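Here is the structure we will look at, set down as structure tokens.
Derivation of every value follows stated rules applied to the coordinates shown; laboratory data play no part. On a predicted model such as this, the values are computed, not experimentally measured, just so you know. Don't worry about glycine lacking a Cβ; one is built from the backbone with ideal geometry, like all the others, and counts go over all protein chains shown.
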Amino acid sequence: MTEHTSKQYDAELESLRTRVLQMGGLVENQIVSAIEGLGAPDTNIFKEVIRREQEVNQIELEIDELCNHILARRQPAAVDLRSVIVAIKMIRDLERIGDEAEKVARMGMMIADAGKHFVPKVDLHRIASNAIAMLRKVLDSYARVNAVSAAEVVKADIEVDDEFKAILRQLITFMMEDPRTISRSIEILFIAKAIERIGDHSKNMSEHVVYMVKGRDVRHQGPDVVAQEASGN
């Protein structure tokens, strides 16, 4: 984004971006694995997702330390300062996505342990695919410093929210028609909510990217406003 007389400074900023993307790749793998585990015959995949949560937390601490180093030693300004601020915010959302992936895994283990009795047939594939696509797109937008692409993630979050509401209505119907499905329905609801929250965190990150590139705070704005700010000069 900028080039400095100090090659070490440039290397530190590039290392920061690389580390954020590394953390993003790890949490993406977590949620993909957790979703795949919902249809798997055993729970080993869930256990691996839960185990990797500690790795995500450790990377967050390391990136925090790097950000503190850059702020203290380099005293960045303008776009460099925004880059460091955004990295700090991005890793917060990424850590929480890791938490949501762990939640999906734990709920999946509970469903698996209970057997397949009285499990409502609710399709989570679409909402999960859309939420994962949002995460991938915002990470790509961050890597390519592309505000316009990031703004598209804000709009995509509306569809994920609508899909969650549809799943909620389905589960309520199942529970009303057969009370024996209540326990499994609640666990599926927790999974659907965790996926919906992943969409929310991806939307947050897309707003951070717009701020990093354009210097404009677009939080709490509608998708049309965010798109306009992202494409503006």
For the chain, give the magnitude of the charge dipole about the Cα centre (Cβ charges: +1 Lys/Arg, -1 Asp/Glu; no others), in debye to the nearest 20.
100
So what is the orientation-averaged projected area of region 89-228, using the convex hull of its C-alpha atoms, in nm²?
8.3
For the chain, list the DSSP H helices whose alpha carbon atoms reach 24 Å or more along the long axis and whose average Kyte-Doolittle value is -0.5 or above?
7-37, 78-113, 125-144, 147-177, 182-214
Entries in Lys89/Lys214; Lys7/Lys89; Lys116/Lys165; Lys137/Lys214 that, when Cα-Cα distance is taken, lie over 20 Å:
Lys7/Lys89; Lys116/Lys165
Here, region 24-69 modelled as identical Cα point scatterers in vacuum has Debye log10 I(q)/I(0) at q = 0.25, 0.27 Å⁻¹ of -0.84, -0.92
Summing -39500 (n - 2.57) over every DSSP H run of at least 4 in the chain, dividing by its residue total and rounding to the nearest 500, the 222 nm mean residue ellipticity is -29500 deg cm²/dmol
Springs between alpha-carbon pairs under 10 angstrom, Gaussian network model over the chain: which of Lys165, Lys137, Lys103 fluctuates most?
Lys165
Counting residues in region 93-160 as N, plug N into 2.2 N^0.38 Å and put the Cα Rg over that result.
1.41
Taking the highest mean first, how do the peptides 196-206, 111-121, 36-46, 12-22 order by number of other beta carbon atoms within 10 angstrom per residue?
196-206, 12-22, 36-46, 111-121
